[in-house]
Amino acid sequence: MTTKKMAARVLASALLSAALASQGGTAVAQTPRTNHTSMEVHAAAPMAQATADVWKRHIDAWGKRDLDAIMSDYRENAVLVLNNQTYEGRPEIRKVFQRLFEIFDQGEQRVDTPTIKDRLVYITWHFTSRGQQTLFGTDTFVVEDNAISYQTIASPLFDKYPVPKAP
């Protein structure tokens, strides 16, 4: 990925965060974490709290590498877009997470404090593979009826560690 593309992604991420904050986005507290440990999540508004509950359950399952628990967070027809590649439905998303576990078990990840506004969760994260540089990434989740309907993931990490689409 070119420096220009990465700069555009970082800028888009910053603008989304700023827009959410200017619209009264709920700041969410988290316990500092390394190596995928649990984080504490609190939100003020009822819809934001329901979204925060899904987020907490999801990130806890991620830390435990509990694929079944992660899949229970997604609607049957959920859509995940990873670096412009679309995965639809739980079976395809499950394969993505199997690969993500392989990738992220090769280093250290730090997730910054999420931004939660109504049905939206936005995170930034940093991944350092063993002996390598740290790469930045973002995820955006849309939660509907206590489950993730849509997720986007963007990072130059996946140029280095591709997540192929199943045939």
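Quick notes
- Strands (runs of 3 or more DSSP E) (entirely within the range 68-166) containing at least 2 residues that are touching a residue at least 24 places away in the same chain (Cβ under 8 Å) and among the aromatic types (F, W, Y): 120-129, 134-144
- Flag for K117 being of a type in the set (K, R), under 20 Å from I93 (Cα atoms) and open to solvent by 20 Å² or more (accessible area, probe 1.4 Å): no
The values are calculated or read from the model by the stated rules, or taken from the named source; none is laboratory data. Note that the structure is a prediction, hence the values are computed from the model and not measured. Counting neighbours? That spans all protein chains shown, and the Cβs are built from the backbone with ideal geometry, glycine included. Heads up: the accessible areas ignore ligands, DNA and RNA and are worked out on the full protein's heavy atoms, side chains in. Shrake-Rupley method; radii C 1.70, N 1.55, O 1.52, S 1.80 Å.
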